[in-house]
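**Student:** Here you go, one structure.
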């Protein structure tokens, strides 16, 4: 099938440069409006779709980002490979501000967000043991340029919008084994799996959270300064992705594109018609 690369950009990343025939398009979804219009176009012969997660001008807080609408909209645009780019704090000395971490695991500590497209009337359970796509993650590593990249890491998703207390930071780092912390990759990764898209997370380190004895509490002014350099490196990574992936998308060997094969639990004669209608994009292949 044709490959379509989707990018959900976080803080400091609001556009993709160099797309041919680029235009902002509005996508309607049964889950409400996405965070913003989506910038679509082609880069090196590969279709791409870019969505600013917080909206242009940063209008959505982490808890109020319309995650279901965002993923549904990407699915409606034909996205096969979805790359999340977001700012994060680091729990590891070696993962320095300015570095990138290609995440492969999550600990979800969010509690105020809808986390599934499915529910009463149409129940489904997808596997999330390995929540990111190894093939897409490897392509992100290949596409990265001019930045130190750490392959693999556990991302702790917190609710926010406040940063961690020192006690929380110490707990996550020393006892839970988390490597980075952020506020936006959950439930995004879960929803991408339900939508049968390959998903990769590129976390841009901006600070050491609050655990580091030499850095103290998180300073938003320092974060913004680091974001500038990180965003430039993220744009280079995005520009290199079509070359790293190619224009054709094979069925994912890791099962990302077939996640719903055995996930639907509700008997066909018991399925809620209203739920079926809302899942016309996400669940089209199996429903």
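**Student:** When the residues of region 252-286 are narrowed to those that are free of Cβ contacts under 8 Å to residues at least 40 places away in the same chain and in a loop (DSSP other than H, G, I, E, B), which ends up farthest from the chain's Cα centre (by Cα)?
**Tutor:** The selected residue is 267.
**Student:** Confirm whether residue 54 is within 14 Å of the chain's Cα centre (by Cα), closer than 22 Å to residue 206 by Cα, touching a residue at least 12 places away in the same chain (Cβ under 8 Å) and in a loop (DSSP other than H, G, I, E, B). Working first, answer last.
**Tutor:** On the way: within 14 Å of the chain's Cα centre (by Cα): yes; closer than 22 Å to residue 206 by Cα: yes; touching a residue at least 12 places away in the same chain (Cβ under 8 Å): yes; in a loop (DSSP other than H, G, I, E, B): yes.
The answer is yes for residue 54.
**Student:** What's the number of the condition residue 193 fails, among (1) over 16 Å from residue 84 (Cα atoms); (2) within 14 Å of the chain's Cα centre (by Cα)?
**Tutor:** Unmet for residue 193, out of (1) over 16 Å from residue 84 (Cα atoms); (2) within 14 Å of the chain's Cα centre (by Cα): (1).
**Student:** Could you count how many residues in region 14-32 are closer than 23 Å to residue 65 by Cβ and touching a helix residue (DSSP H, G or I) at 6+ places or on another chain (Cβ under 7 Å)?
**Tutor:** Result for region 14-32: 6.
**Student:** Oh, and also: Name the residues in region 152-168 that are within 22 Å of the chain's Cα centre (by Cα) and in contact (Cβ under 8 Å) with a residue 24 or more places away in the chain, would you? Reasoning before the result, please.
**Tutor:** Step one: of region 152-168, the residues within 22 Å of the chain's Cα centre (by Cα) are 152-164.
Hits for region 152-168 are 152, 153, 154, 155, 156, 157, 158, 159, 160, 161, 163, 164.
**Student:** Right, another one. Given the options 225, 232, name the one that is over 21 Å from the mean Cα position of the chain (by Cα), free of Cβ contacts under 8 Å to residues at least 24 places away in the same chain, under 28 Å from residue 181 (Cβ atoms) and assigned to a helix (DSSP H, G or I). Before you say what the answer is, go through the steps one by one.
**Tutor:** Working: 232 fails: over 21 Å from the mean Cα position of the chain (by Cα).
After ruling out the rest, the residue left standing is 225.
**Student:** OK, next. Name the residue, out of 84, 35, 11, that is in contact (Cβ under 8 Å) with a residue 24 or more places away in the chain, touching a helix residue (DSSP H, G or I) at 6+ places or on another chain (Cβ under 8 Å), within 24 Å of residue 151 (Cβ to Cβ) and not in a strand (DSSP E or B).
**Tutor:** Details: 84 fails: not in a strand (DSSP E or B); 35 fails: within 24 Å of residue 151 (Cβ to Cβ).
Exactly one residue qualifies, and that residue is 11.
**Student:** Next question. What is the number of the single condition among (1) in a helix (DSSP H, G or I); (2) within 18 Å of the chain's Cα centre (by Cα) that residue 171 does not meet?
**Tutor:** Condition not satisfied by residue 171: (2).
**Student:** Could you tell me whether any residue of region 58-81 is closer than 25 Å to residue 144 by Cβ, under 14 Å from the mean Cα position of the chain (by Cα) and part of a strand (DSSP E or B)?
**Tutor:** Among the residues of region 58-81, at least one is closer than 25 Å to residue 144 by Cβ, under 14 Å from the mean Cα position of the chain (by Cα) and part of a strand (DSSP E or B), which makes the answer yes.
Bear in mind that the values in this text are calculations on the coordinates, not laboratory data. Quick caveat, the model's predicted, so the values are computed rather than measured. All Cβ positions, even for glycine, are placed from backbone atoms using ideal geometry, and neighbour counts span all protein chains on display.
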